[in-house]
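In what follows, a single structure is set out as structure tokens and then discussed.
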Amino acid sequence: MIEHCNDKSPKRHRYFTVMAGVGPDALLVYSLSAEAKSRFGVAAYVANSLWEYITYRHAPYEMTVTRVDGSQEQINTAQVMAVRIEDFGGPLKKFAQGAQLSRNHLRVIVFRGGVRLSYPAYLLSALFGLQIRIPGVELIDAREIICRAIPGREDRRVYCEADGECLWRLPVRISIQPNAFSLLMPTQ
């Protein structure tokens, strides 16, 4: 579940099954029109991501991650993705190694520091199925993450998304809601 953690009522939240993200991936979803998605498909995402990469200054924010063992860590980042599946299909077959719907935790991809090089490097390694470590990228098993603006930098527009739908700006909480829904899956 992803929740908007502002002071206003009613509180907004959304359940997701695949991925929730904060940072450039949410900006991509926000800035790409439905018409472009429909008309050009994956090519629209590629072209728009290149444009965003060249023109956008990725705003850092604070994230507190609560790991599966209960320990907490505060991290400054500009991109985080909470993922529930490993195989996104098509070219992204090994996007979040270790993520599974059957687990009661999130597989969190954290981009420490800037994302100008690490984000495209991670996407390219997933695209080509490379098993390499990208400096500044860490995969964490977590119960929840809370993302908020760095004090004094609340004016930066940092967006969040869930399952490809742009939702809100910071602050947000992403967590697991046990037994939120039933999922029917074939046996393997």
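Leaving ligands and nucleic acids out of the surface, order TYR159, TYR61 by accessible area at 1.4 Å, largest first.
Working: TYR159 25, TYR61 0 Å².
So, going from the largest accessible area down, we get TYR159, TYR61.
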Seminar exercise, completed: Loop-resident trypsin sites (Lys or Arg not before Pro) in region 1-38 with no more than 11 other Cβ atoms inside 10 Å, DSSP not H/G/I/E/B, are LYS8, LYS11
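At 1.4 Å probe size, put MET185, MET81 in order of accessible surface, largest to smallest. Don't jump to the answer; show the numbers that get you there.
On the way: MET185 115, MET81 5 Å².
Output order, biggest surface exposure first: MET185, MET81.
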Exercise. For CYS166, what charge total do you get from the other residues with a beta carbon under 15 Å from its beta carbon, if Lys and Arg give +1 and Asp and Glu give -1?
Worked result: 0
Exercise. When all protein chains stay in place, what accessible area (Å², nearest 10, 1.4 Å probe) is found for THR55?
Worked result: 70 Å²
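The values are calculated or read from the model by the stated rules, or taken from the named source; none is laboratory data. All values reported here derive from a predicted model rather than from experimental measurement. Note that we place each Cβ from the backbone using ideal geometry, even for glycine, and neighbour counts take in every protein chain shown. In case anyone asks, the SASA skips ligands and DNA or RNA and just uses the protein heavy atoms, side chains included. Shrake-Rupley method; radii C 1.70, N 1.55, O 1.52, S 1.80 Å.
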